[in-house]
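Asker: Below you will find the structure I want to go over with you.
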Amino acid sequence: MSEILKVTNLKKYFPVPAGMLHAVDDVSFSMHYGETLGVVGESGCGKSTLGKTILRLEPPTSGEIIFEGEDITNIDDKEFKALRPKMQMIFQDPLSSLNPRMSVSQQIAEPLRIYKVYKSNEEMEKRVLELMDIVGLARRYVDTYPHELDGGRRQRIGIARALALRPKLIVCDEPVSALDVLIQAQILNLLQDLQKEHGLSYMFITHDLSVVKHISNNICVMYLGQIIEQCDTKELFKNTLHPYAKALLSAIPVPSLKHRRQKILLKGELASPINPKNACRFAPRCLYAKEECFASAPELVDVGGNHRVACHFVKEINGL
Ligand code: SF4
């Protein structure tokens, strides 16, 4: 499989009164066609900013973004408009991402209208109905408005909009976290079916490791703007190596008394993402922190089998 996306040393900083907020700091990864990459971390870890920066909704501070072999890091808005159909986003809150004054058909037709995909209204209406069928939204809702629908149906409109221009990469930013559990499962199944049928690649951003476990091929765990562990999904759940990722995993509820995990409770203050020191950002909360952790930042290194971890003492902690 060849690469659809390659991100190298990507940084996104925001100026704030106290200095520079390092929202995304030196992030590198690649994705292949048809793959789902899970990006996981607590809220505020920079995962949504990473998605928006890749889709150029935020201009990057530095680094490189290669999409389908083309460097898109610094292309202008006009050039990016031509690329936009190939790169779409599904947002977390379907209600706030939809226009309350537009009917279902108008919402789904909007990208088709902007990109002048069809010459006649009849062709466009036909495509809107086809998209409603694809995402499992009954045709009887075509003239309804977002407030008349439940969360799952609203998210299906968001997915139909994202699919309208036949994209190759979709950044799914917490697409199920505003939905109840039953609807979450339906939307996740729908996304997986669409991926198989249309050969889509997903960057799936979430705070919920149990969600990405079922949908991702590979996972990046982020902490304060940086990737701290990155590997194949099965490997992460079998062999978690970074102390933060271990704590995150221990918080997943297990519906069995026999297999219940010991929950790791993190203590200590979260380090500041504003002008961060050259140190491990997890050190103030890490059970294994030593002097060296506060004196230099660990690099993300391959500890074997393409399993990359940013921790000075990963071997010692895990007996490798
Ligand atoms: Fe913990 Fe030190 Fe490893 Fe950071 S580098 S995760 S503080 S042991």
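The values are calculated or read from the model by the stated rules, or taken from the named source; none is laboratory data. As the structure is a prediction and not an experimental result, all values here were calculated from the model. No Cβ is skipped: glycine too gets one built from the backbone with ideal geometry, and neighbour counts run over all protein chains shown. For the accessible areas, the whole protein counts, side chains as well, though only heavy atoms, and no ligand, DNA or RNA atoms are used. Shrake-Rupley method; radii C 1.70, N 1.55, O 1.52, S 1.80 Å.
Asker: Which of the following residues is in contact (Cβ under 8 Å) with a residue 12 or more places away in the chain, under 13 Å from the mean Cα position of the chain (by Cα) and surrounded by 13 or more Cβ atoms within 10 Å (Cβ to Cβ): GLY34, GLY51?
Answerer: Of the residues listed, the single one that is in contact (Cβ under 8 Å) with a residue 12 or more places away in the chain, under 13 Å from the mean Cα position of the chain (by Cα) and surrounded by 13 or more Cβ atoms within 10 Å (Cβ to Cβ) is GLY51.
Asker: Out of all the residues in the stretch 290-311, which are β-branched (Val, Ile, Thr) and either assigned to a loop (DSSP other than H, G, I, E, B) or within 8 Å of the ligand (Cβ to nearest atom) (or both)?
Answerer: The answer is VAL303, and nothing else.
Asker: Would you confirm, using the coordinates I've provided, whether PRO284 is out of contact with any helix residue (DSSP H, G or I) (no Cβ under 6 Å at 6 or more places or on another chain) and within 8 Å of the ligand (Cβ to nearest atom)?
Answerer: The answer is no for PRO284.
Asker: Then there's this: Please list, ordered by first then second residue, the pairs with beta carbon atoms under 7 Å, 6 or more apart or interchain, first in the stretch 279-307 and in contact (Cβ under 8 Å) with a residue 40 or more places away in the chain, second among the basic types (Lys, Arg) and more than 9 Å from the ligand (Cβ to nearest atom).
Answerer: Pairs that qualify, where the first residue is in contact (Cβ under 8 Å) with a residue 40 or more places away in the chain and the partner is among the basic types (Lys, Arg) and more than 9 Å from the ligand (Cβ to nearest atom), are ARG285/LYS267; LEU300/ARG308.
Asker: So which residues in the stretch 61-78 are farther than 26 Å from LYS196 by Cβ and in contact with a Leu (Cβ under 6 Å, 6 or more places away or on another chain), if there are any at all?
Answerer: If the condition is that a residue be farther than 26 Å from LYS196 by Cβ and in contact with a Leu (Cβ under 6 Å, 6 or more places away or on another chain), then GLY63 is the only one that fits.
For every residue, the table says whether it meets (1) touching a residue at least 60 places away in the same chain (Cβ under 8 Å); (2) open to solvent by 30 Å² or more (accessible area, probe 1.4 Å); (3) not polar (S, T, N, Q).
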| residue | (1), (2), (3) |
| --- | --- |
| PHE91 | yes, yes, yes |
| SER96 | no, yes, no |
| VAL117 | no, yes, yes |
| GLU148 | no, yes, yes |
| GLY158 | yes, no, yes |
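Asker: Could we say that VAL314 is out of contact with any His (no Cβ under 6 Å at 6 or more places or on another chain), more than 10 Å from the ligand (Cβ to nearest atom) and modelled with pLDDT of 95 or more here?
Answerer: Judged against the criteria, VAL314 is not a match.
Asker: List the number of the failed condition for SER272; all other conditions in (1) under 30 Å from LEU200 (Cβ atoms); (2) away from the ligand (no atom under 15 Å from the Cβ) hold.
Answerer: For SER272, the failing item is (1).
Asker: Could you check the stretch 70-89 and list, in sequence order, the residues that are open to solvent by 50 Å² or more (accessible area, probe 1.4 Å) and either over 26 Å from GLY46 (Cβ atoms) or without any contact (Cβ under 8 Å) to a residue 40 or more places away in the chain (or both)?
Answerer: GLU70, ASP71, ASN74, ASP76, ASP77, LYS78, GLU79, LYS81, ALA82
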